[in-house]
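The values are calculated or read from the model by the stated rules, or taken from the named source; none is laboratory data. Just so we're clear, the structure is a prediction, and the values are computed from it rather than from any experiment. Cβ: placed from backbone, ideal geometry, glycine included. Neighbour counts: every protein chain shown.
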Amino acid sequence: MPPEHPLIHQVDIEAIHGETNIAIPENGLPRVVIVGGGFAGVELVKDLAGANVQIVMFDRHNYHTFQPLLYQVATAGLEPDSIAGPIRKLFKNTKNFHFRFGLVTKIHPETNMIETSIGDLRYDYLVIANGTRTNYFGNQKIASLVFPLKQLHQALDLRSTILQNLEKALLVVDKAEQHALMDIVIVGGGPTGVEVAGALGELKLHVLPRDYPELDFRQMDIHLIDGGDRLLGAMSPEAGKKAQEYLTNRFSVNVWLNTTLSDYDGREVVLSNGRTLLSHTVVWAAGVTGNLIGGLPEETIVPRANRILVDEFNRVKGSQNIFAIGDISCMVTKDFPKGHPQVAPVAMQQGRLLADNLQALLRKKSLKPFKYLDKGSMATVGRNRAVVDLPGKIKMQGWLAWFAWLFVHLLYIIGFRNKLVVLMNWFWNYFTYDRATRLIVRPYVKEKFENLHPDAIR
Ligand SMILES: Cc1cc2nc3c(=O)[nH]c(=O)nc-3n(C[C@H](O)[C@H](O)[C@H](O)COP(=O)(O)OP(=O)(O)OC[C@H]3O[C@@H](n4cnc5c(N)ncnc54)[C@H](O)[C@@H]3O)c2cc1C
C-alpha cells in the first residue's frame, strides 16, 4: 500500500488490543458475508433484506462512498458528508443485518472462514464486493507523492493541499516556486481526470481570484496528461474531442496527449515528451486495479487487472459458495472479452441479480445469468458543459448533456438528505459562482507550512 499523505489522520482499525470477538450470533440461518459496502454490496443488501438469511457486511469505512462525486469534494463544491451514507443508518431497518467496521484480510475457501482485522468469521456464502484501489503501475515513489482520488479522505486531502499551497504561494517571492504551488497536473484523461480539470478550471476562473486577490490566477496552469491519442478513451471520439475543446477553450487547460509522466520528485514533473513542469500538486487519475484479498486460488485471478474470474452467475471460478460482484469481478463474455466496464451500473446490477440468485440457490431453483443493461456513459466539464454517449450511438453535448448528468447523479446518490444537500449546493454554486466548502481541514503545522523551496519565503 502506498504511504498516505502526512497530515491525514487515518483511523487505525487494527489498533484494538487483546483478543477480539466479532460477536455475531449463529441464528440458524445461512450466513451471507459481504466484503464491501460500495455500489454492489449496498444493492445486494437492499434486495436481500427480508430473505431468510443472516447478512454480515464488512467495510474498512463505516460509510458508503458515492465515488463519482469525489472530485467535487476535492474541488470545494460539496461537503464530504453529502456524498457518503453511513452503512448502519442505510440498513437500520434491515432484519438480520450486522455491520462490522473492519478490513477483510484473508479468505480460507477450504474451511469457509475469513480473517479480518477484528477476528475470524465463518460464512455459508461469501460475496467479495470490495472494488478497486488506485493503480500506480508499481511506481512506489510516485505513489507516495501524488494525490489519488478514490476515497473520501483522499478528496479532502487534495482540497486542503490545493488551498494550503495557495496560502503558501502568497508568501513566496521566487516566481518559479509560486508557479509550482499554484499549478496543478492531472494524470489520466478519463472521466475523473476530465472532471477534475473542469472543476479546477471553474475554481480558477470564478472562486479563487476572489479569495486570493493578491495572486494572479492567469499564471495558474492546469495540465491534463494522457497516454492515449484522445481524452475519454472509453467514450466516443466525439465525446473526447468535445471535452478537450471545452477544457482548452473555456479553462485554458493544457492537454498533453500521447504523453505519460516519466518522473516526479514532489516538485518537478518530467513528461515522456521531455518537457518538465513544476507542480507540488499532481492528481493521479490514471487507473485502478483490483483490491485483491489473499486466499483464492491463483487461477481465479486475472493478472495485472487483479480481478476475480467469475461465471455468468458471478460465482468465483471453481467455487460453489464464493461470489464476486462489481469492479473486482471479471465476467468474460462474447460482448465483454476483458470483463465488464468497472462502473457503478454494472456493480449495482450484479448486486441486485445476486440477491435474487442467492435466494434461488436456497430454494434449490435455477439461477439467472447476468446480462448488462448499458445505459450509456457521461462526463461533465464545468457548468452547462457535458458529454453523454447513449446506447444506439446517440450522443449529447452541451447544456442538455449537463442537465442529464446532474439528474443521473442526483438520482443515484444515497439518501434523501444527501440528494437535497447536493441539489442545494449545486443551486448555490450555479447562481453565485461560489463554492461553499473552502476549508483547510488540517492542523496548522508550522514546520510543514514553512517547508518551502529554499530562499523562497517572503
Ligand atoms: C473518482 C471516481 C469517479 C467515478 N465516476 C464514475 C461515474 O461517473 N460513473 C460510474 O458509473 N462509475 C464511476 N466510477 C466507478 C464506480 O465508482 C465503481 O465502478 C463502483 O464504485 C464499483 O462499485 P463496487 O461496489 O464494486 O466497489 P466500491 O464502490 O469501490 O466499493 C468497495 C467497498 O469495499 C470496501 N473495501 C475494500 N477493501 C476492503 C476490505 N479488504 N475489507 C473491507 N472492506 C473493503 C471499500 O471501503 C468500499 O466501501 C468512479 C470511480 C472513481 C474512483
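Looking across the stretch 134-151, just one residue is within 16 Å of the ligand (Cβ to nearest atom) and either more than 19 Å from Gly193 (Cα to Cα) or basic (Lys, Arg) (or both), and that is Lys150. Close contacts from the stretch 33-53, counting a first residue that is in the same structural domain as Ile114 (by TED's automatic domain parsing) and away from the ligand (no atom under 11 Å from the Cβ) and a second that is basic (Lys, Arg) and part of a loop (DSSP other than H, G, I, E, B), with Cβ to Cβ under 9 Å and a gap of 6+ residues or different chains, come to Ala49/Lys95; Gly50/Lys95. Return the residue satisfying two criteria in turn: it lies in the stretch 197-221 and is aliphatic (A, V, I, L, M) and touching a Gly at 6+ places or on another chain (Cβ under 9 Å), and of such residues it is surrounded by the most Cβ atoms within 10 Å (Cβ to Cβ). Per the stated criteria, the residue is Ala197. Give the stretch 38-95 a look and list any residue that's crowded, with 21+ Cβ neighbours inside 10 Å and on the phi > 0 side of the Ramachandran plot, or say none. Correct list: Ala76 only. Once the stretch 256-284 is narrowed to residues that are hydroxyl-bearing (Ser, Thr, Tyr) and more than 13 Å from Phe147 (Cβ to Cβ), the residue that is farthest from the chain's Cα centre (by Cα) is Thr276.
Taken over the stretch 138-183, the residue count meeting the criterion of being closer than 17 Å to Leu70 by Cα and outside any helix (DSSP H, G or I) is 6.
In the set Arg352, Arg363, Arg385, only one residue is within 16 Å of the ligand (Cβ to nearest atom), of a type outside the set (Val, Ile, Thr) and farther than 22 Å from Phe39 by Cα; that residue is Arg385. Taking only pairs six or more apart or across chains, which ones have beta-carbon atoms under 7 Å, a first residue in the stretch 370-396 that is outside the structural domain of Ala344 (by TED's automatic domain parsing) and modelled with pLDDT of 95 or more, and a second residue that is part of a strand (DSSP E or B) and polar (S, T, N, Q)? So the pair list comes out as Ala386/Thr380; Val387/Gln397; Asp389/Ser377. A count restricted to the stretch 167-199 and to residues that are under 21 Å from Asp434 (Cβ atoms) and within 14 Å of the ligand (Cβ to nearest atom) stands at 5. Looking only at the stretch 67-110, residues that are among the small types (Gly, Ala, Ser) and either assigned to a loop (DSSP other than H, G, I, E, B) or more than 25 Å from Val194 (Cβ to Cβ) (or both) come to 4 in all. Among the numbered conditions (1) closer than 24 Å to Val388 by Cα; (2) in contact with a Pro (Cβ under 7 Å, 6 or more places away or on another chain); (3) within 16 Å of the ligand (Cβ to nearest atom), the only one that Gln154 does not meet is (1). Inside the stretch 57-66, residues that are in a strand (DSSP E or B), within 8 Å of the ligand (Cβ to nearest atom) and not hydroxyl-bearing (Ser, Thr, Tyr) make up a count of 3. Among the residues of the stretch 393-437, the ones that are in a helix (DSSP H, G or I) and touching a Lys or Arg at 6+ places or on another chain (Cβ under 7 Å) come to 4 in all. Scanning the stretch 252-265 for residues that are on the phi > 0 side of the Ramachandran plot and loosely packed, with under 14 Cβ neighbours inside 10 Å returns a single hit, Asn258. If you check Lys89, Lys150, Lys106 for being modelled with pLDDT of 95 or more and in contact with a Gly (Cβ under 6 Å, 6 or more places away or on another chain), only one passes: Lys106.
Among the numbered conditions (1) more than 14 Å from the ligand (Cβ to nearest atom); (2) of a type outside the set (A, V, I, L, M, F, W, C); (3) surrounded by fewer than 17 Cβ atoms within 10 Å (Cβ to Cβ); (4) on the phi > 0 side of the Ramachandran plot, the only one that Thr111 does not meet is (4). Looking only at the stretch 114-126, filter to residues that are in a loop (DSSP other than H, G, I, E, B) and within 14 Å of the ligand (Cβ to nearest atom); which one of those is surrounded by the most Cβ atoms within 10 Å (Cβ to Cβ)? Ranking the candidates gives Tyr123 first.
In the stretch 114-171, the qualifying residues are those that are among the aromatic types (Phe, Trp, Tyr) and closer than 24 Å to Leu261 by Cβ, and the one that is farthest from the chain's Cα centre (by Cα) is Phe137. Within the stretch 235-252, the set of residues being of a type outside the set (Phe, Trp, Tyr) and either modelled with pLDDT under 95 or farther than 15 Å from Lys395 by Cα (or both) comprises Gln244, Glu245, Leu247, Thr248, Asn249, Arg250, Ser252.
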